[in-house]
Amino acid sequence: MGRGRVQLKRIENKINRQVTFSKRRAGLLKKAHEISVLCDAEVALIVFSHKGKLFEYATDSCMEKILERYERYAYAERQLVANDSESQGNWTIEYTRLKAKIDLLQRNHRHYMGEDLGSMSLKELQSLEQQLDTALKQIRTHRNQLMYESISELQKKEKVIQEQNNMLAKKIKEKEKVAAQQAQWEHPNHGVNASFLLPQPLLNIGGNYREEAPEIGRNELDLTLEPLYSCHLGCF
């Protein structure tokens, strides 16, 4: 008759439980050592008895190294699983939210363009009209503000250009004045000599001036000579 399968359950007898623990613990540590040697694996085994006593086994006595490696791996694995689950849920929610927002924006755009108004109620139409009026007022206000700023900027430029023109005109007048003074200093008698050397103009009106001029000269000569003649006659 073969040996029946032992049912796994807590051993109630303390002595039997202690003996079983010692045997199984030794066998477990032996198996851990064998698998580490045969398969070149890093093995760490930790066992606490019911009284809290610690029994451990680690390949090459590197328990801390193996535990640190386990913590890094377990943490990375947990983060990856959590991120995948969270990312999938977040992407689903985000897609739904963005799709609803896009639909709303497209519908509002059609309404603002005066399209697809048949499904709107009177209240919605009044609200749309109010929104358009408000937007139009804001557009006009902004346009007027830009025009005012542009005009102010042009006025400032005009003022600057006018000041530059005044400065240039002043400089030109000063240069002309200096040039005139230099000309007077270089030729002080030029005006007098020129007038002295210029010939007297002769007027010829109808060709009679040349014929009358000698006559007038003779009359003047006669007037000047008459006193002389009278004087000589009296003296004789």
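The values are calculated or read from the model by the stated rules, or taken from the named source; none is laboratory data. Nothing here was measured: the structure is a model prediction, and the numbers come from that model. Reconstructed Cβ throughout: ideal geometry from the backbone, glycine too, with neighbour counts over all protein chains shown. Heads up: the accessible areas ignore ligands, DNA and RNA and are worked out on the full protein's heavy atoms, side chains in. Shrake-Rupley method; radii C 1.70, N 1.55, O 1.52, S 1.80 Å.
Close amide-amide hydrogen proximity is noted between Ala58 and Leu45, each under 5 Å apart and 5 or more residues distant or on a separate chain (H modeled in the peptide plane; Pro and chain starts excluded).
Each label point was placed 7 Å from the Cα along the Cα-to-Cβ direction; for Val37 and Asp133 their separation is 9.6 nm. Taken per residue, the accessible surface of the stretch 137-187 reaches 102 Å², heavy atoms only and a 1.4 Å probe.
Highest-first packing order for the peptide set 116-122, 43-49 is 43-49, 116-122, based on the mean count of other beta carbon atoms within 10 Å.
Taken along the Cα-to-beta-carbon direction at a fixed 7 Å, the label points for Lys177 and Gln155 span 3.3 nm. The H on the amide N of Glu42, modeled in the peptide plane, is under 5 Å from the matching H of no residue at least 5 residues off or on a different chain.
Extending 7 Å from Cα along the Cβ direction at Arg107 and again at Glu64 yields two label points whose distance is 6.5 nm.
For each pair in Lys30/Lys53; Lys137/Lys157; Lys23/Lys51, compute the distance between the two Cα atoms and list the pairs where it is over 21 Å. Working shown, then result.
Working: Lys30/Lys53 19 Å; Lys137/Lys157 30 Å; Lys23/Lys51 17 Å.
The answer is Lys137/Lys157.
Using the 1.4 Å probe convention, the accessible area of the stretch 14-70 works out to 81 Å² per residue with neighbouring protein chains retained.
Find how much the distance from Phe21 to Asn144 grows on full extension, using 0.36 nm per residue of separation minus their present alpha carbon separation; answer in nm with one decimal. Show your work: numbers first, answer last.
On the way: separation 123, 0.36 × 123 = 44.28 nm, distance 9.29 nm.
Additional length available on full extension: 35.0 nm.
All C-alpha to C-alpha distances of the stretch 95-143, sorted into 10 Å bins beginning at zero, yield P(r) values of 23, 42, 29, 6 percent in whole numbers.
Quick one: with all protein chains in place, what share of the accessible area of the stretch 27-164 is carbon or sulfur, to the nearest percent (1.4 Å probe)? Working shown, then result.
Details: 6890 of 12090 Å².
Carbon and sulfur atoms account for 57 percent of the accessible area of the stretch 27-164.
Relative intensity of the stretch 1-157 on a log10 scale, I(q)/I(0) at q = 0.10, 0.12, 0.20 Å⁻¹, equals -0.72, -0.90, -1.26, per a Debye sum over C-alpha point scatterers of equal strength in the absence of solvent.
Annotation for the stretch 13-120: trypsin sites (Lys or Arg not before Pro) lying in DSSP loop with at most 15 further Cβ atoms inside 10 Å of their Cβ are Lys51, Lys53.
Dipole magnitude for the stretch 46-189: computed about the Cα centre from +1 point charges on Lys and Arg Cβ and -1 point charges on Asp and Glu Cβ, it is near 600 debye.
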